[in-house]
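The values are calculated or read from the model by the stated rules, or taken from the named source; none is laboratory data. Please read these numbers as outputs of a predicted model, since none were measured by experiment. When the accessible area is computed, the model is the full protein with side chains, heavy atoms only, and any ligands, DNA or RNA have been set aside. Shrake-Rupley method; radii C 1.70, N 1.55, O 1.52, S 1.80 Å.
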Amino acid sequence: MQRVEHHASFGGRQEVWRHDSATLGCEMRFGLYLPPQALAGQACPVVYWLSGLTCSEQNFITKAGAQAHAARLGLILVAPDTSPRDPGGTLGVADDAAYDLGQGAGFYLDATQQPWARHYRMESYVVHELPALVESHVATTGRRGIFGHSMGGHGALTLALRHPGRYASVSAFSPIVAPARVPWGRKAFAAYLGEDESRWAAHDATALIAGAAERLPLLVDQGEADEFLAGQLKPELLEEACAAAGHPLTLRRQPGYDHSYYFIASFVADHLEHHARALAA
Ligand SMILES: N[C@@H](CCC(=O)N[C@@H](CSC=O)C(=O)NCC(=O)O)C(=O)O
């Protein structure tokens, strides 16, 4: 593990690390924000951010403006890349010319189909390998939260629902709440999990809610001027699933906001406060 960037930020430090991932079989990078409390040696909770399609570890750390709030709340932030990578083309990491499949579009699951199955194991990476790495490197309280945007919002919701006890808080911006029912998710699931749709429900938040083993309160923000709202995001499906299951959901429809990081930056303080409250408990 090697630090490749470090920048003083709000009394803490924004870092970027590279490491060889055994899970993914390639080099990976992740952003690590250490608040002032962590730099002073205090154990802090960790909140994981999962980015959306086309993103790397850079989008969140350079655009969301989260560091000021993490510094105030004493939260460590970890922002991984969105898929395995193979910039040199020597590792055999599969890819696709489209922006919504392959590198930059890992969908936070472990692929079972060829040519994806060897390297596309983002669920195992985010849930197990990355936290083990972070927690061996920085003093943490052992409590974790997870949030994300769009494809990463899908990742945050499904990983929290699929791994009860692993996360103490969860939230999402403009998540793909029902990937098995919208074009982005159907394309990715067909490629990564195969054409048998009965295997898809295990990675679809709206399908997972009914049988959830714990009822972690969900905070979801959704822009009403989001260009992907009607075609890909469909927050009403999460609302229906949560109502049917009695799962606590705060869904905030924000007039005028689009799908961009301007939207995320506008409400990231509320999300980090949601996580800080749960992670302190
Ligand atoms: N066609 C667009 C789609 C890419 C896009 O909008 N990506 C979003 C996430 S969408 C769902 O996961 C994003 O976060 N982009 C990066 C950013 O910094 O805004 C395209 O290819 O541009």
Quick one: ranking 99, 120 by accessible area, 1.4 Å probe, largest first, what do you get? 99, 120
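What share of Cα pairs, in percent, lie more than 19 angstrom apart in region 10-105?
46
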For the chain, what is the relative contact order in percent, using Cα pairs closer than 8 Å and at least 6 residues apart in sequence? 17
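With a 1.4 Å probe and every protein chain kept in, tell me what percent of the accessible surface of the chain is carbon plus sulfur.
It is 52 percent, rounded to a whole number.
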Could you state the number of Å between the C-alpha centres of region 234-268 and region 112-186? 18
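Short version: what are the Cα gyration tensor semi-axes of region 82-174, square root of 5 times each eigenvalue, largest first, in whole Å? Walk me through the numbers before you get to the answer.
Numbers: eigenvalues 125, 52, 26 Å².
Square roots of five times the eigenvalues give 25, 16, 11 Å.
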Given a 1.4 Å probe, the accessible area of region 87-180 per residue, as a whole number of Å², is 32
Suppose the Debye formula is applied to equal point scatterers at every Cα of the chain; what is log10 I(q)/I(0) at q = 0.06, 0.10, 0.17 Å⁻¹? -0.16, -0.46, -1.44
